[in-house]
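Below is one structure, written out as structure tokens; comments come after it.
Read the figures in this text as sums done on the coordinates, not as results from a lab. These figures come from a predicted structure and were not determined experimentally. Neighbour counts are summed over all protein chains in view; Cβ atoms, including those assigned to glycine, are modelled from backbone coordinates with ideal geometry.
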Amino acid sequence: MVELRIILVGCGVVNLALLKIFLKHRERLIARFGLNPQVVAVADSKGVVVNEEGIDIAKVIKIKKNNRSVIEFNELGKIHHDVIKAIESVDAEVVIEAIPSNINDGEPSVTYIKSAFKHGKHAITTNKGSLALFMSPLLELARYNDVMFKFSGAVGGGTPMIDFAKKCLVGDDIISIRGILNGTTNYILTQMQKGIRFDRALQNAKRRGYVEVDPSIDIDGLDAACKLVILANVAMGKKVTLAQVKIRGIREVHEELIKEAGARGSTIRLVATARDDLRVAPEEICVNDPIAVDGVLNAVTFTSRYAGDQTIIGRGAGGTETASAILRDLLDIRAGMQILGGGE
Ligand code: HSE
């Protein structure tokens with residue numbers, strides 16, 4: 001059984017959920033998939049701890065539950081302050097990066113991903129900012145360095161929207177994408193429909209771990225726009241970035257508007273659309289529209305030339321859900337490594 005050595009960058013809800021899966025379900029991962037993940041470095045916002053024998057995951061989970069940094073506990077391993085140096089120097093096959101998205105310049109996610117590639121490591125990210133700004137150059141750099149780059153958790157949480165478009169619809173020509181790509185705003189709009197005020201709905205979403213560190217990224221439609229850019233690149237072959245999306249968030253959606261839509265058999269949702277151009281805006285849509293989902297659900301309809309409309313629905317945010325996407329990516333990478341290495 002070959003171990004897959006992992007450098008984990010970021011210790012928020014997503015990577016912690018992943019660690020919990022590793023801890024609780026290692027036997028199943030090994031028995032079912034032959035996947036034996038060994039976490040050899042963990043970075044949080046203060047620094048990084050390295051242990052090439054494997055880090056005590058249970059201890060990391062406990063430390064983070066108490067809001068402490070991994071670098072306060074040298075029994076975990078060697079403490080470093082430079083995450084980039086750790087990515088470069090620690091022996092590992094995969095870097096998993098799930099730090100908060102930066103939609104201004106993608107940093108430090110972009111530098112972490114590039115460092116991984118340049119040092120022959122495969123990378124998985126859930127980072128929407130870096131992808132929406134630099135997807136093409138990052139994919140090119142991965143190819144140049146002969147490593148794999150996966151990001152299925154960046155869109156749809158645990159719902160395999162990217163994989164559905166790329167793998168299930170492969171060969172077809174996707175001509176439009178229309179969907180609900182942000183769990184937080186969909187949750188808020190659904191709660192407002194039930195008479196709950198915006199502020200309280202936002203607090204509820206925060207408690208459930210859906211909201212970005214900067215909530216305006218969700219509320220102002222930027223998160224949905226990033227995801228639309230990612231989908232338009234992978235599913236439609238467009239070479240677009242965030243700057244090309246026309247964006248309006250949900251701040252102007254008041255309870256009255258939602259009530260009036262309800263009386264017409266409709267609902268208000270933040271809809272992301274890619275056809276000739278890309279836009280995100282609140283829209284009144286019929287409750288029977290397959291993308292008119294409730295709560296944290298995301299939904300996307302891909303319209304393709306031959307297969308017509310296909311809609312995929314699932315939970316669009318949450319730690320465990322997104323960790324499920326990272327697992328998918330890890331297994332893809334492992335399969336790719338076996339092909340490259342001629343199998344185990
Ligand atoms: N803040 C994001 C959302 C998290 O609400 O959809 C998942 O990308």
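Worth a mention:
- With neighbour counts taken as other beta-carbon atoms within 10 Å, the residues 196, 96 rank, fewest first, as 196, 96.
- One equal scatterer on each Cα of segment 179-264, no solvent, Debye formula: the resulting log10 I(q)/I(0) at q = 0.19 Å⁻¹ is -0.86.
- Rounded to the nearest 500, the helix-only mean residue ellipticity at 222 nm of the chain stands at -12500 deg cm²/dmol, with each DSSP H run of n ≥ 4 adding -39,500 (n - 2.57).
- Potential lengthening between residue 252 and residue 105 on full extension [0.36 nm per residue; Cα-Cα distance subtracted]: 50.2 nm
- Here residue 118 is the anchor, and the lysines within straight C-alpha reach of less than 18 Å, apart from those fewer than 8 places off in the same chain, are 85, 150.
- For the chain, the orientation-averaged shadow of the C-alpha convex hull comes to 17.3 nm² (one quarter of the hull surface).
- Cα gyration tensor shape of segment 263-310, rounded if a/c is under 1.5, else prolate or oblate by comparing a/b with b/c: prolate
- Among 87, 174, a tally of other beta-carbon atoms within 10 Å of each Cβ gives an order, fewest to most, of 174, 87.
- The alpha carbons of segment 161-314 give a radius of gyration and a Dmax of 15.2, 45 Å, in that order.
- Sequence-distant residues sharing a close amide H with residue 271 (under 5 Å, placed H): 281, 283
- Dimensionless Rg ratio for segment 276-344, taking C-alpha atoms and the 2.2 N^0.38 Å reference: 1.59
- Relative contact order, percent, the chain [alpha-carbon distance under 8 Å, six or more residues apart]: 19
- Summing Cβ point charges (Lys, Arg +1; Asp, Glu -1) relative to the Cα centre of segment 72-179 gives a dipole of roughly 260 debye.
- DSSP H segments from the chain that extend 30 Å or more along their own axis, Cα-based, with Kyte-Doolittle mean of -0.5 or above: 319-341
- Loop GluC sites (Glu not before Pro), segment 250-334, which have at most 11 other Cβ atoms in a 10 Å radius of their Cβ (DSSP): 252
- The GluC sites (Glu not before Pro) of segment 1-100 meeting both criteria, a DSSP state outside H, G, I, E and B (loop) and at most 10 other C-beta atoms within 10 angstrom of the site's C-beta, are 53, 75.
- Value of relative contact order over segment 161-314, rounded to a whole percent, pairs C-alpha under 8 Å and six or more apart: 35
- Under 5 Å from the amide H of residue 39 lie the amide H atoms of 6, 55, each residue being 5 or more positions distant or on a separate chain, with H modelled from the backbone and absent for Pro and chain starts.
- Working from Cα pairs under 8 Å separated by at least six residues, relative contact order for segment 74-184 is 21 percent.
- Residues whose placed amide H lies under 5 Å from that of residue 95, excluding near-sequence neighbours: 7, 122, 123, 124
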